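Report on one structure; see the data block that follows.
The values are calculated or read from the model by the stated rules, or taken from the named source; none is laboratory data. All values derive from a computational prediction rather than experimental measurement. Reconstructed Cβ throughout: ideal geometry from the backbone, glycine too, with neighbour counts over all protein chains shown. Surface accessibility is based on the protein's heavy atoms, side chains included, excluding ligands, DNA and RNA. Shrake-Rupley method; radii C 1.70, N 1.55, O 1.52, S 1.80 Å.
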Amino acid sequence: MASEADDIAQTVLDQFRKLPAKRKPAVRDNGLREWVPLSGIVVRGPNFSKCVALATGMKCLPAAKLSQANGVAIHDWHAEVLVIRAFNRFLLDECRRLVRDPAAESAFLRRRTAAELSPTTSPPGSWHRQPFAWREELTLHMYCSEAPCGDASMELIMSSQEDATPWEIPPTPSSSSLSPSPSPQQQQQQPQPPSQEQTPLLLGRGYFSRLGIVRRKPARADAPQTLSKSCSDKLALRQCVSLLSCPTALLVSPRGVYLSTLVLPASQRVEGACVRCFSASSSSSSPVGGTSGNGDGSRDDDGDGRIAGRMAPLKDKTWQGTGYGFHEMKISATEREFEFSRRGILASVAGGEEAKAKVKLTANNLAVAWTKDGEVNEGLVGGVLQGRKAFDVRGASATSRRRMWSAAAEVAALLGPGHAEIAGVLAKTTYGEVKKSDLLEGRRRVKEEVRREALKGWVRNIGDEGFSL
C-alpha cells in the first residue's frame, strides 16, 4: 500500500505527465539529455487529493538586473519558488471567481463570516480582515524532485565531493568567520573568498561545511551574482509567513495556508539536514562532516551530538491578531522518482553502468508554471514568457509581480464598500507602496522577527519595487 508521501509525489508526477511535450525536457540533436527539477503543491481533503500548482526551473535573476525587471521578470524561478508563485495565482483566480458570482462556491476557499471580520482588540499593526479563508478541512503538501538548494542539501553536496573533508572554521566567531581556512589540498583547488568586510554577498554552495546558515542561490563561479536566497531558506521562512505572497495576503487569511508536508525522494532526504534547516526541535542524526551553525558561525548542537533545528527560537510562536504563526512541516520521503531528474534519466538507460556512464546530461533552460485545470500553463525563459524579449511587458508571466498585483486589484475593486481599505492599498501608485502599507505591517513584522531570530544574515533582494500598473 502506498504511503501518503508516495501518493503526494505520484499526484504531482501524474499531472506533469499530462503536460504537452513542449513543456518537458528533451534529448538534444547532439545527444545531450536535459534534466530539470520539479515541484508541485497538492491539496488533500477528506475525499480527494489534487495537484493545484506545479513548476519546473532552476535559475534566477542576477542582482544587477533587478532594476530592469519592472515587475515583469520573475526574480527566482527555481521550481520550489515558482510553484509557490503559481499557487498564489491559483488563489487569486479562485478569489476572482467568488467575487464575480455571489452564488459561486469554491472547493478550496470560503467567504469569511461577519463575525470573523468584526473589529477586535489586537496589538497595533495587527490586521486580519481578509475576505476569504482557506477551507479548514484541507491540508497543503509540496513534492520536490530534488533537495532544496541551500542548507537542506549541504550533506548531499559534501558527499558528492572527491574530498569531502570539512574546511576548517575558526573556533571563535569573528568578522572573518565567513572566510574559513581550507585544507592545503583545497587551498590549491579553490580561490579564497573575500572577507565579510569586502562583500556582503551570502555564500552559495561553496564552503559547504558551514551548516545552518542562510545562503544565496548556488551558481557557477563565473555567473553574475544574485541575492536570491536559497530554496531551503525561503521554505523555512514560509513556515512562519505562510505560502501567501504580498497581494494575496490582502485577500486570503493566512490561517491554514501552510505546508503540512514536504515530500522529497528518499535519495534526497538527509534527516539531520532537514531537522537543522526546518525544525524547531532537535535530532540525534549526525551531519556528514561540517559544523552546524546559528547563522553566525557558532555551533547549534547541544553538546551531546544532537542537531538543533535553527527555527527553535520560534517554536510555538504566534503573532497575535494576524493569523500568522510558526507551523513546522513534516519532511517525508518517497520512493517515487521524477523521470526527468538526473537519477530518473539514468535509471531509464538500459545496458548497465557502462551505458549509464556514457550518458551526457545538461540542465533544461525552460521553466514551467502550471495551475489547476491549465488556467496557467506557461513556458518561461529568463523569467519571462518563452519567445518574448527580456523585460518586455508583453512577456510578463501570470505569476509575475505585475500581473499578480493587477489580478489582486481587480478582485479588490469588486469586493464592495466593506473592503474599501483593501482596494485602497492595491490602488497605490507603486508596488513598493503596496508592500509598505499598514495592512501588511503584521506580515512585515513576522518576516523581520524570523530573520532576526532564526534566519540570521538574511540580505534583502531589493530593486524592483518602483513600477506601477
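Values computed for the structure shown
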| item | result |
| --- | --- |
| Scope the stretch 321-332; condition within 20 Å of the chain's Cα centre (by Cα) and surrounded by fewer than 18 Cβ atoms within 10 Å (Cβ to Cβ); matching residues | Lys330 |
| Residue in the stretch 32-50 that is open to solvent by 30 Å² or more (accessible area, probe 1.4 Å) and in contact with a Gly (Cβ under 9 Å, 6 or more places away or on another chain) present | yes |
| Single residue of the stretch 95-115 satisfying the filter (assigned to a helix (DSSP H, G or I) and touching a residue at least 24 places away in the same chain (Cβ under 8 Å)) that is surrounded by the most Cβ atoms within 10 Å (Cβ to Cβ) | Cys95 |
| Subset of the stretch 45-81 (residues that are out of contact with any Leu (no Cβ under 8 Å at 6 or more places or on another chain), under 27 Å from Pro254 (Cβ atoms) and in a helix (DSSP H, G or I)) | Leu66, Val81 |
| Residues (of a type in the set (Val, Ile, Thr) and part of a strand (DSSP E or B)) located in the stretch 321-339 | Ile331, Thr334 |
| Per-region count, the stretch 364-384, residues open to solvent by less than 30 Å² (accessible area, probe 1.4 Å) and either among the aliphatic types (A, V, I, L, M) or in a strand (DSSP E or B) (or both) | 11 |
| Some residue of the stretch 236-248 being open to solvent by less than 20 Å² (accessible area, probe 1.4 Å), polar (S, T, N, Q) and modelled with pLDDT under 95 | no |
| All positions within the stretch 337-361 that are open to solvent by less than 30 Å² (accessible area, probe 1.4 Å) and among the β-branched types (Val, Ile, Thr) | Ile345, Val349 |
| Residues being in a loop (DSSP other than H, G, I, E, B) and either open to solvent by 70 Å² or more (accessible area, probe 1.4 Å) or not polar (S, T, N, Q) (or both) - total across the stretch 430-460 | 8 |
| Residue that is modelled with the lowest pLDDT, among those in the stretch 305-320 that are surrounded by fewer than 20 Cβ atoms within 10 Å (Cβ to Cβ) and either at positive phi or outside any loop (DSSP other than H, G, I, E, B) (or both) | Gly305 |
| Criterion violated by Trp127 - all others in (1) in contact with a Gly (Cβ under 7 Å, 6 or more places away or on another chain); (2) assigned to a loop (DSSP other than H, G, I, E, B); (3) of a type outside the set (D, E, K, R); (4) surrounded by fewer than 18 Cβ atoms within 10 Å (Cβ to Cβ) satisfied | (4) |
| Filter result for Asp76 (closer than 20 Å to Gln239 by Cβ and of a type in the set (Asp, Glu)) | yes |
| Hits in the stretch 413-429 (condition: among the hydrophobic types (A, V, I, L, M, F, W, C) and not in a helix (DSSP H, G or I)) | Leu414, Leu415, Ala427 |
| Single condition Glu354 does not satisfy, out of (1) within 25 Å of Glu146 (Cβ to Cβ); (2) assigned to a helix (DSSP H, G or I) | (1) |
| Members of the stretch 259-294 found to be open to solvent by 40 Å² or more (accessible area, probe 1.4 Å) and modelled with pLDDT of 60 or more, listed by number | Ser260, Ala266, Ser267, Arg269, Glu271, Ser281, Ser282, Ser284 |
| Some residue of the stretch 392-401 being more than 20 Å from Asp93 (Cα to Cα), open to solvent by 40 Å² or more (accessible area, probe 1.4 Å) and not in a helix (DSSP H, G or I) | no |
| Candidates Ala413, Ala427, Ala423, Ala407, filtered to the one that is at negative phi, modelled with pLDDT of 95 or more and open to solvent by less than 30 Å² (accessible area, probe 1.4 Å) | Ala407 |
